Amino acid sequence: QVQLVESGGGLVQAGGSLRLSCAASGKIFSINDMAWYRQAPGKQRDLVAAITSGGTTNYADSVKGRFAISRDNAKKAVYLQMNSLKPEDTAVYYCNYRASGMYYWGKGTLVTVSS
């Protein structure tokens, strides 16, 4: 059974930084896209950043220049470096993998940015 586990969330002051990690366990192969989504209270889940197997990245306009996504294929891991955090970045952050035609989700990690 495939599991994705996020870590690295927490409470940080505005202007601070956090690094999120997501690692996969179980039989998951040929991971194509990896991505981070976030969901703020009362809002829909939105894409934050994505990275293809070839390393092409894509970011939501709201995080461009502040966040950076990276991946380690050997570790089946994806990371999100978040800098210059703002209160509006407060949300539960989820990692998402697309592999062999299937999508997998982690359970999320809470990021709270205080003003």
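The values are calculated or read from the model by the stated rules, or taken from the named source; none is laboratory data. As the structure is a computational prediction, the values presented were derived from the model and not from experiment. Every residue, glycine as well, gets a Cβ built from its backbone with ideal geometry; the counts of neighbours run over all protein chains shown. The area values use the complete protein model at the heavy-atom level, side chains included, leaving out ligands, DNA and RNA. Shrake-Rupley method; radii C 1.70, N 1.55, O 1.52, S 1.80 Å.
Structure summary
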read-out	value
Output for the range 1-35, where each listed residue is at pLDDT 95 or above and among the basic types (K, R)	R19
Looking only at the range 67-114, and only at residues there that are at pLDDT below 95 and among the small types (G, A, S), the one that is surrounded by the most Cβ atoms within 10 Å (Cβ to Cβ)	A99
Test: residue in the range 44-66 that is assigned to a strand (DSSP E or B), touching a residue at least 60 places away in the same chain (Cβ under 8 Å) and either open to solvent by 50 Å² or more (accessible area, probe 1.4 Å) or in contact with a Pro (Cβ under 7 Å, 6 or more places away or on another chain) (or both)	no
Whichever residue in the range 33-43 is surrounded by fewer than 17 Cβ atoms within 10 Å (Cβ to Cβ) and within 15 Å of the chain's Cα centre (by Cα) and, among such residues, is nearest to C95 (Cα to Cα)	Q39
Hits in the range 5-24 (condition: on the phi < 0 side of the Ramachandran plot and open to solvent by less than 50 Å² (accessible area, probe 1.4 Å))	E6, G9, V12, G16, L18, L20, S21, C22, A23, A24
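Yes or no, residue by residue, for (1) touching a Cys at 6+ places or on another chain (Cβ under 9 Å); (2) among the hydroxyl-bearing types (S, T, Y); (3) touching a residue at least 12 places away in the same chain (Cβ under 8 Å); (4) more than 24 Å from S115 (Cα to Cα):
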{"position": "A14", "(1), (2), (3), (4)": "no, no, yes, no"}
{"position": "A40", "(1), (2), (3), (4)": "no, no, yes, no"}
{"position": "I69", "(1), (2), (3), (4)": "no, no, yes, yes"}
{"position": "N73", "(1), (2), (3), (4)": "no, no, yes, yes"}
{"position": "Y79", "(1), (2), (3), (4)": "yes, yes, yes, yes"}
{"position": "A91", "(1), (2), (3), (4)": "no, no, yes, no"}
